[in-house]
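K.L.:
The structure follows.
The values are calculated or read from the model by the stated rules, or taken from the named source; none is laboratory data. Here the structure is a predicted model, which is why all the values come from computation and not from measurement. Using ideal geometry, Cβ is built from the backbone for each residue, glycine included, and neighbour counts are taken over all protein chains shown.
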Amino acid sequence: MENEKKYWLDEPRNVDRIFWSLVGLCVLLAAFDLVYPQHGHFFWENWVGFYGVYGFLSCIGLVLLAKLLRMVLKRDENYYER
Amino acid sequence: MSAEFSPGLILIMGAALVPLFRGPWRKAYMLLLPALSLAYLVALPHGEYGQASVFDYLLTTVRVDELSFVFGLVFHLAVFLSVLYALHEPDAVQHVAGLVYAGSAIGAVFAGDLITLFIFWELTAVSSVFLIWARRTERAYRAGLRYLMIQVTSGLFLLAGIILRVREAGDVAFDFLGLNDLATSLIFVAFGIKCAFPLLHNWLQDAYPEATVTGTVFLSAFTTKLAVYALARGFPGTEMLVWIGATMTAFPIFYAVIENDLRRVLAYSLNNQLGFMVVGIGVGTEMALNGTVAHAFTHIIYKALLFMSMGAVLYRTGTINGSELGGLYKSMPYTTVFCIVGAASISAFPLFSGFISKSLIMTAAADESYVLTWWVLLFASAGVFHYSGIKIPFFAFFAHDSGIRCKEAPANMLLAMGAAAFLCVALGIYPEPLYRLLPFSVDYAPYTRTHVVTQLQLLLFSALAFAVLKRTGIYPPELRAMNLDSDWFYRRLPIIVWSPCGRRGRSRTAATRRRLWSWQRPAAASRPTRTVTRMGARASTSPAPTRGRRTPSSISGRSVRAPDPAAPTASSTRPPTPRGTRPRRPC
């Protein structure tokens with residue numbers, strides 16, 4: 001493994017680059033709503049960055065709730081075999 | 001042209017001959033079967049065939065119309081891809097079971113009456129369980145038994161509903177049923193069990209991950225989509241399905257986030273995607289039903305692709321736990337790319353297949369002012385990208401480097417994944433051929449500026465949330481653990497309730513069982529008389545030392561204990577137990 005080929009993603013700096021590129025893309029997409037207002041079925045769909053904010057908060061909420069759920073539901077992997 | 005049999009019978013009958021072939025002949029024959037069946041289907045004009053009168057009831061064994069044709073078509077695609085993926089497999093049991101199972105599902109889709117539906121419905125259950133048992137582990141055996149019991153229960157509900165309906169309406173035709181009386185309610189529950197409705201769902205997450213590498217690909221395509229077809233045929237526009245479907249989209253994603261077995265994560269996401277289809281059936285408008293059929297079509301392909309990629313990982317590494325994987329993109333670059341295509345498709349990224357099908361259902365729900373449902377579906381759309389679009393490829397192929405170095409998947413697996421990935425992209429870029437196949441005419445353009453931008457916003461901000469949670473260490477780590485689900489009610493609760501002495505009694509019973517096992521060990525077996533006399537009373541406190549030599553196992557890498565030829569075997573030294581002298585169970 002020591003002489004193994006070094007991959008682009010092995011460099012932590014490149015992972016940071018991907019993260020900040022993602023942040024930049026998100027900002028651009030939110031800004032797009034300012035230039036071209038959306039026309040959805042419901043009035044809230046026309047708010048600037050509505051889908052982005054909803055997606056972001058949904059996923060944060062999803063993970064935090066799932067963590068709470070794990071505290072209640074987690075068992076040993078051989079729980080039913082015991 | 002006169003056709004008197006279902007296209008599915010070509011696969012079912014053809015499967016019987018598979019064990020007779022060997023090597024490349026078997027491979028060619030297995031690929032030929034779905035091609036033959038598909039050619040036969042395409043040549044069949046829409047209409048009703050194979051009619052027979054049984055006990056004054058008219059059975060229509062083959063009905064080809066817009067709805068059954070599109071499901072039949074995608075089932076053929078699925079069986080072709082699954083067979084291609086399984087070509088390297090020498091186990092004929094899996095091939096026969098897979099083909100019979102697929103043929104039964106196709107037979108059920110083309111059934112024009114409830115009795116024919118019931119026969120194929122049960123045949124899917126009986127044939128598919130062998131795809132689980134073929135893994136030949138204790139876990140798979142038990143999971144298969146539970147799966148079979150639940151599937152057969154679904155069949156019993158269906159049979160009871162059919163009998164009542166025949167008595168009340170005197171009609172066995174399988175058309176619109178509606179939720180009107182006890183008979184149709186029983187049929188609805190039968191469909192609901194196979195469709196994995198909430199609280200009836202856990203057979204799916206329990207059994208599918210325990211099946212063989214290739215068996216799970218077969219399983220992912222047919223049973224649940226057959227149920228979706230049956231609901232779309234019998235219960236379109238049933239309001240209750242909107243709420244059931246919305247619940248199905250939302251609750252499995254919480255489990256998927258904390259699940260370690262990546263094939264089980266996919267099973268939860270399968271449940272989530274079924275929810276979208278069920279909502280479409282519940283909304284019941286032309287656009288919603290088109291959305292359901294289109295989503296079933298695209299879903300079968302991308303879900304098969306995802307199960308194929310995870311199957312390839314399991315096949316090469318021997319594990320599918322997220323906690324043990326990572327960095328596999330170095331060893332399996334093609335599988336990585338195919339998995340990412342599947343992940344992008346299930347997440348409904350523009351230019352991938354999910355984008356052109358899921359939006360039909362979302363738009364139909366919005367058109368009919370299902371506001372709360374729309375919010376839930378949007379939440380589920382963000383969530384599915386989070387755990388299926390990112391988690392699956394991330395933990396298997398990226399994340400930390402697990403140090404696992406293995407070969408790329410076999411050529412036939414890569415071919416199958418490549419073909420499925422091609423279809424995902426092709427349908428995403430050019431959806432018109434699929435739209436033309438749908439039961440109603442489509443007046444919908446998926447690639448509008450609003451749709452593309454809003455969908456990209458939803459997905460990329462979801463990806464940002466994942467990245468932020470990972471970088472801040474808030475994201476729950478993959479752990480070697482399992483999570484309780486609704487199967488607890490039939491796997492654990494009865495033991496707790498029916499145990500004669502409750503928890504204390506159970507633990508003492510277990511302790512007694514351990515002592516009995518220690519009595520069977522060779523060292524203990526050398527003192528049979530003494531052990532027998534202590535069976536019903538106090539047993540020895542320390543486990544007897546075991547004899548044996550360790551040999552490396554070439555398969556698992558773990559060492560296994562081989563019997564010492566010098567040591568007496570348990571059976572040879574086991575004392576005869578007198579009849580009627582079973583040890584009393586201590587309470």
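K.L.:
Among the numbered criteria (1) buried (at least 21 other Cβ atoms within 10 Å of the Cβ); (2) in a helix (DSSP H, G or I), which one does B:LEU325 miss?
P.N.:
With respect to (1) buried (at least 21 other Cβ atoms within 10 Å of the Cβ); (2) in a helix (DSSP H, G or I), B:LEU325 is out only on (2).
K.L.:
Being under 19 Å from the mean Cα position of the chain (by Cα), part of a loop (DSSP other than H, G, I, E, B) and crowded, with 24+ Cβ neighbours inside 10 Å narrows it down to one of B:ALA196, B:ALA207, B:ALA256, B:ALA230, so name that one.
P.N.:
One residue alone meets the criteria, B:ALA196.
K.L.:
Only residues in the range B:261-287 that are on the phi < 0 side of the Ramachandran plot and touching a residue at least 40 places away in the same chain (Cβ under 8 Å) count as the first member; pair them with residues that are surrounded by fewer than 24 Cβ atoms within 10 Å (Cβ to Cβ) and of a type in the set (D, E, K, R), Cβ under 6 angstrom, at least 6 apart or cross-chain, and list the lot.
P.N.:
From residues that are on the phi < 0 side of the Ramachandran plot and touching a residue at least 40 places away in the same chain (Cβ under 8 Å), the pairs are B:VAL283/B:GLU368.
K.L.:
With the structure loaded, tell me whether B:PHE218 is more than 14 Å from chain A (Cβ to nearest Cβ), at negative phi and touching a residue at least 24 places away in the same chain (Cβ under 8 Å) or whether it fails that test.
P.N.:
It is true that B:PHE218 is more than 14 Å from chain A (Cβ to nearest Cβ), at negative phi and touching a residue at least 24 places away in the same chain (Cβ under 8 Å).
K.L.:
Which residues, counting only those in the range B:1-45, are of a type in the set (Ser, Thr, Tyr) and surrounded by 12 or more Cβ atoms within 10 Å (Cβ to Cβ)?
P.N.:
B:SER6, B:TYR29, B:SER37, B:TYR40 - these are the residues of the range B:1-45 that are of a type in the set (Ser, Thr, Tyr) and surrounded by 12 or more Cβ atoms within 10 Å (Cβ to Cβ).
K.L.:
Test B:TYR430 against the criterion of being assigned by TED's automatic domain parsing to the domain that holds B:LYS330 and surrounded by 18 or more Cβ atoms within 10 Å (Cβ to Cβ), and give yes or no.
P.N.:
It is false that B:TYR430 is assigned by TED's automatic domain parsing to the domain that holds B:LYS330 and surrounded by 18 or more Cβ atoms within 10 Å (Cβ to Cβ).
K.L.:
Same structure, new question: From A:ASN46, A:ASN14, which residue is surrounded by 11 or more Cβ atoms within 10 Å (Cβ to Cβ), of a type outside the set (Phe, Trp, Tyr) and at the interface with another protein chain (Cβ under 10 Å from one of its Cβ atoms)?
P.N.:
Of the residues listed, the single one that is surrounded by 11 or more Cβ atoms within 10 Å (Cβ to Cβ), of a type outside the set (Phe, Trp, Tyr) and at the interface with another protein chain (Cβ under 10 Å from one of its Cβ atoms) is A:ASN46.
K.L.:
Could you list, in sequence order, the residues of the range A:1-11 that are in a helix (DSSP H, G or I) and surrounded by 12 or more Cβ atoms within 10 Å (Cβ to Cβ)?
P.N.:
A:LEU9, A:ASP10
K.L.:
Can you find, within the range B:141-161, the residue that is nearest to B:PHE197 (Cα to Cα) among those that are of a type in the set (S, T, N, Q) and more than 13 Å from the chain's Cα centre (by Cα)?
P.N.:
Applying the filter and picking the extreme gives B:SER154.
K.L.:
Given the residues B:LEU459, B:LEU437, which is the only one that is modelled with pLDDT of 90 or more and more than 9 Å from chain A (Cβ to nearest Cβ)?
P.N.:
Only one candidate qualifies: B:LEU437.
K.L.:
Could you figure out which of (1) over 18 Å from B:ALA111 (Cβ atoms); (2) at pLDDT below 95; (3) touching a helix residue (DSSP H, G or I) at 6+ places or on another chain (Cβ under 7 Å); (4) not hydroxyl-bearing (Ser, Thr, Tyr) isn't true of B:GLY23?
P.N.:
(3)
K.L.:
For the range B:375-405, which positions are at positive phi and in a helix (DSSP H, G or I)?
P.N.:
none
K.L.:
Right, next: Restricting the range A:61-73 to residues that are surrounded by fewer than 17 Cβ atoms within 10 Å (Cβ to Cβ) and at the interface with another protein chain (Cβ under 7 Å from one of its Cβ atoms), which is farthest from B:VAL384 (Cα to Cα)?
P.N.:
By that ranking, first place goes to A:LYS67.
Here is a yes/no grid of residues against (1) among the hydroxyl-bearing types (Ser, Thr, Tyr); (2) closer than 18 Å to B:PHE307 by Cα; (3) in contact with a strand residue (DSSP E or B) (Cβ under 9 Å, 6 or more places away or on another chain); (4) surrounded by fewer than 24 Cβ atoms within 10 Å (Cβ to Cβ):
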site: B:VAL152; (1), (2), (3), (4): no, no, no, yes
site: B:ASP181; (1), (2), (3), (4): no, no, no, yes
site: B:PHE191; (1), (2), (3), (4): no, no, no, no
site: B:HIS201; (1), (2), (3), (4): no, no, no, no
site: B:LEU219; (1), (2), (3), (4): no, yes, no, no
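K.L.:
Of the residues B:LEU199, B:LEU177, B:LEU204, B:LEU164, only one is touching a residue at least 24 places away in the same chain (Cβ under 8 Å) and within 26 Å of B:SER53 (Cβ to Cβ); which?
P.N.:
From the options B:LEU199, B:LEU177, B:LEU204, B:LEU164, the qualifying one is B:LEU177.
K.L.:
Restricting to the range B:259-288, what's the tally of residues that are crowded, with 24+ Cβ neighbours inside 10 Å and farther than 21 Å from B:LEU200 by Cα?
P.N.:
Final tally of qualifying residues: 3.
K.L.:
If the Cβ limit is 8 Å and pairs must be 6+ apart or interchain, which residue in the range A:25-41 that is more than 7 Å from chain B (Cβ to nearest Cβ) and surrounded by 11 or more Cβ atoms within 10 Å (Cβ to Cβ) pairs with which residue that is in a helix (DSSP H, G or I) and at pLDDT below 90?
P.N.:
Between residues of the range A:25-41 that are more than 7 Å from chain B (Cβ to nearest Cβ) and surrounded by 11 or more Cβ atoms within 10 Å (Cβ to Cβ) and residues that are in a helix (DSSP H, G or I) and at pLDDT below 90, the close pairs are A:PRO37/A:ASN46.
K.L.:
Moving on. Of (1) within 14 Å of chain A (Cβ to nearest Cβ); (2) at pLDDT 95 or above, B:PRO476 satisfies all except one. Which?
P.N.:
(2)
K.L.:
List the pairs whose first member sits in the range B:360-388 and is more than 9 Å from chain A (Cβ to nearest Cβ) and within 17 Å of B:HIS451 (Cα to Cα), whose second member is crowded, with 24+ Cβ neighbours inside 10 Å and charged (D, E, K, R), and whose Cβ atoms are under 9 Å apart, counting only residues at least 6 apart or on separate chains?
P.N.:
Within 9 Å, the pairs are B:LEU377/B:LYS358.
K.L.:
Right, next: Can you tell me which residues in the range B:306-336 are away from chain A (no Cβ under 14 Å) and within 18 Å of B:GLY389 (Cβ to Cβ)?
P.N.:
Correct list: B:LEU306, B:PHE307, B:MET308, B:SER309, B:MET310, B:VAL313, B:LEU325, B:THR335.
K.L.:
Now for a different question. Quick one: in the range B:445-476, of everything that is touching a helix residue (DSSP H, G or I) at 6+ places or on another chain (Cβ under 6 Å) and part of a loop (DSSP other than H, G, I, E, B), which residue is surrounded by the fewest Cβ atoms within 10 Å (Cβ to Cβ)?
P.N.:
B:PRO476
K.L.:
Can you tell me which residue in the range B:278-322 is farthest from B:ALA246 (Cα to Cα), limited to those that are more than 17 Å from the chain's Cα centre (by Cα) and outside any helix (DSSP H, G or I)?
P.N.:
B:GLY318
K.L.:
Please state which one of B:SER369, B:SER309 is closer than 23 Å to B:CYS424 by Cα and not basic (Lys, Arg).
P.N.:
B:SER309
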